[in-house]
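Q: Questions regarding the structure given below will be posed in turn.
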Amino acid sequence: MTRVPSVLDHAPVLPVVVIEDATDAVPLARALVAGGLPAIEVTLRTPAALDAIRAIAGEVPGAVVGAGTVVSARGVVAAVEAGARFLVSPGWTAGLLDAMEASGVPFLPGVSTVSEVVALLERGVREMKFFPAEAAGGTAYLKSLAGPLPQARFCPTGGISLASAPSYLALGNVGCVGGTWMLPGDALAGRDWVRVESLAREASALRG
């Protein structure tokens, strides 16, 4: 397995995908990759998630597929066995962090407080998911962390839109943002992969 140097550096936006039908995984991933968003977070929120990761890993060579909503050591193992090349959690515990560190793939543990960031820095983890971004303080909060904790880098996720993403990406401690706006429900329901590709291309052009 090729190790991904950093989840934060593939593109300005990390699509956060919920897949209900595993047969949609490959065309959806191909549309995102064609639009310039190669890193794809498939959340472990549906029974189809692991099959979707497996399909993308096996059939979309341009994709860097990862698993999101990873909340247990069992989830870590299952995701990596399915082909996930990175892991994202909404939060973390010592046990979950141990499992992610042992997985051999990059990971973004979720944080929303200064103490959580400091605890991760003590463990040598410098790249994190900031979640839920808008509810937890948004750009003002992240900007306030840059002074005392400049070594921490973030992927803010949660409530971010095409309109608000540039303000996050303008911050020096933000590598990318996570979002779903390039995956509107009606486009997914109608399997409108051309629209998804167009929205992905718009998102991939963002840079603060």
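Q: Find the residue count for the stretch 20-29, including only residues that are within 19 Å of Pro184 (Cβ to Cβ) and either in contact with a Lys or Arg (Cβ under 9 Å, 6 or more places away or on another chain) or buried (at least 23 other Cβ atoms within 10 Å of the Cβ) (or both).
A: Qualifying residue count for the region: 5.
Q: Within the stretch 29-136, which strands (runs of 3 or more DSSP E) (wholly inside it) include 1 or more residues that are of a type in the set (Asp, Glu)? Steps first, please.
A: On the way: elements: 39-43, 64-68, 127-130.
It comes to 39-43, 127-130.
Q: Now for a separate question. Within the stretch 114-137, how many residues turn out to be surrounded by fewer than 16 Cβ atoms within 10 Å (Cβ to Cβ), in contact (Cβ under 8 Å) with a residue 12 or more places away in the chain and not basic (Lys, Arg)?
A: 4
Q: Touching an Asp or Glu at 6+ places or on another chain (Cβ under 7 Å) and in contact (Cβ under 8 Å) with a residue 60 or more places away in the chain: which single residue out of Leu8, Leu28, Leu37, Leu32 fits that description?
A: Numbers: Leu28 fails: touching an Asp or Glu at 6+ places or on another chain (Cβ under 7 Å); Leu37 fails: touching an Asp or Glu at 6+ places or on another chain (Cβ under 7 Å); Leu32 fails: touching an Asp or Glu at 6+ places or on another chain (Cβ under 7 Å).
One residue alone meets the criteria, Leu8.
Q: OK, next. Output the qualifying pairs, or none if there are none: Cβ atoms under 8 angstrom, residues six or more apart or on different chains, first residue in the stretch 60-83 and at positive phi, second residue at pLDDT below 95 and surrounded by fewer than 23 Cβ atoms within 10 Å (Cβ to Cβ).
A: Between residues of the stretch 60-83 that are at positive phi and residues that are at pLDDT below 95 and surrounded by fewer than 23 Cβ atoms within 10 Å (Cβ to Cβ), there is no close pair.
Q: Got a sec? Which of Arg195, Arg201, Arg207, Arg191 is assigned to a loop (DSSP other than H, G, I, E, B), among the basic types (Lys, Arg) and under 20 Å from Leu28 (Cβ atoms)?
A: None of the other options fit; the residue is Arg191.
Q: Would the stretch 157-171 turn up any residue that is at negative phi, in contact (Cβ under 8 Å) with a residue 24 or more places away in the chain and touching a Pro at 6+ places or on another chain (Cβ under 6 Å)?
A: Checked the stretch 157-171: at least one residue is at negative phi, in contact (Cβ under 8 Å) with a residue 24 or more places away in the chain and touching a Pro at 6+ places or on another chain (Cβ under 6 Å).
Q: In addition: Considering only residues of the stretch 103-117 that are of a type in the set (A, V, I, L, M, F, W, C) and under 19 Å from the mean Cα position of the chain (by Cα), which is farthest from Thr69 (Cα to Cα)?
A: Looking at the filtered set, the residue picked out is Val117.
Q: Can you tell me which residue among Glu202, Glu116, Glu134 is closer than 18 Å to Ala39 by Cα and acidic (Asp, Glu)?
A: Of the residues listed, the single one that is closer than 18 Å to Ala39 by Cα and acidic (Asp, Glu) is Glu202.
The values are calculated or read from the model by the stated rules, or taken from the named source; none is laboratory data. Because the structure is predicted, anything quoted here is derived from the model rather than measured. Neighbour counts are summed over all protein chains in view; Cβ atoms, including those assigned to glycine, are modelled from backbone coordinates with ideal geometry.
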